[in-house]
Amino acid sequence: MFEQLKVQVRSDFGTQRCTRLRRAGLVPAVLYGQKKPNVHLAVPAHELEAIVRHGGRMVRLTGDIEEEALIKEVQWDTWGVHILHVDFTRVSAKDRVRVTVPLHLRGEAPGSREGGVVEHLLHTLELECEAGEVPEEIHVVINELHVGGAITVGQLPLPKSAVPLVDKDTVVARCVVPAEVPEAEEAVAAPAEKEPELIRRREKEEEEEE
């Protein structure tokens, strides 16, 4: 799925120029790949951040250029709030790409009503698929997950062209009976009055010596 993103070609470089771009609400970017010249771009920050936070990976660049691209690398500020720079790599819909996709649990596990607890063990999945079929996220439906059951990578609803890059038997989520927490052993407390008694005794002895 390609998200549309309007871009500008830029010819000014350097730290100061990039700072001015960011102040103007733009993110400096570079488009490369397919043995074509690199193109330096300026991208609207709010549009790019919305795509990235939504899990988008594939973009159709419009405006000064017309290209389909993969968001290859994103550089965030120290606090992870604003994007400082982004790298795009050229792709076509049939090109095979490697991406990491978030996994989200959906539904209610019957095992929860049976006394079990659902454990979400794998939160992202690295896979290879055609660029035009890159999913923003993968839903892991747990409506049939009972106590003792598990959902593996091989059971996930992946795009037709997708090949997971981890073992298909890797457990994504499971429902287990929570371990019983043993009762804490009662701590043997020291006599509360011991120290005060010693203090009083010492004070009495000092008075007799005087």
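The H on the amide N of L165, modeled in the peptide plane, is under 5 Å from the matching H of E126, L127, E128, each at least 5 residues off or on a different chain. Expressed as a fraction of 2.2 N^0.38 Å, the value expected for a compact globular protein of N residues, the C-alpha radius of gyration of region 44-105 is 1.19. For region 42-172, the share of accessible area belonging to carbon and sulfur comes to 50 percent (1.4 Å probe, ligands and nucleic acids excluded).
The smallest convex shape that holds all Cα atoms of region 1-80, its convex hull, gives 102 Å³ per residue. For the pair region 1-56 / region 59-128, the C-alpha centres are spaced 18 Å from each other.
What is the list of residues in region 1-23 whose amide nitrogen lies under 17 Å from a point 7 angstrom out from the Cα of L84, following Cα to Cβ? It comes to 14-23, nothing else. Averaging the sequence gap over all C-alpha pairs within less than 8 Å and six or more residues apart, then dividing by the number of residues, gives region 58-164 a relative contact order of 25 percent. Under the definition of Cα pairs under 8 Å and six or more residues apart, what whole-number percent is the relative contact order of the chain? That works out to 17 percent. Under the simplified labelling scheme, the E108-N38 pair shows an inter-label distance of 5.4 nm, with each label point 7 Å from Cα along Cα→Cβ.
Within region 80-183, the ratio Rg/Rh, alpha carbon atoms throughout and Rh by Kirkwood, equals 1.10.
Per residue, the accessible area of the chain comes to 65 Å² when a 1.4 Å probe rolls over the protein heavy atoms.
A simple rule links phi to the HN-Hα coupling: the Karplus curve 6.51 cos²θ - 1.76 cosθ + 1.60 with θ = phi - 60°, which for region 64-73 gives 5, 9, 10, 9, 9, 8, 9, 6, 8, 8 Hz, with x for Gly and Pro. Spin-label model, R98 to R17: label points 7 Å out along the Cα-to-beta-carbon direction sit 3.3 nm apart. For region 99-147, relative contact order (Cα pairs under 8 Å, six or more residues apart, normalised by length) works out to 61 percent.
Residues whose amide H lies under 5 Å from that of V140, counting only those 5 or more places away or on a different chain, are H104, L105, R106; hydrogens are built 1.01 Å from N in the peptide plane. Note down the Stokes-Einstein diffusion coefficient of region 56-141 in µm²/s, whole number, using a Kirkwood radius over alpha carbon pairs, 25 °C, and 0.890 mPa s. In µm²/s, the coefficient is 158. Along the chain, the longest continuous region that contains none of the chymotrypsin sites (Phe, Trp or Tyr not before Pro) in a DSSP loop with at most 14 other C-beta atoms within 10 Å is 80-210.
The values are calculated or read from the model by the stated rules, or taken from the named source; none is laboratory data. This is a predicted model, so every value here is computed, not measured. Virtual Cβ from ideal backbone geometry, glycine too; neighbours counted across all protein chains shown. Just so you know, the surface numbers come from the protein's heavy atoms only, side chains and all, with ligands and any DNA or RNA stripped out. Shrake-Rupley method; radii C 1.70, N 1.55, O 1.52, S 1.80 Å.
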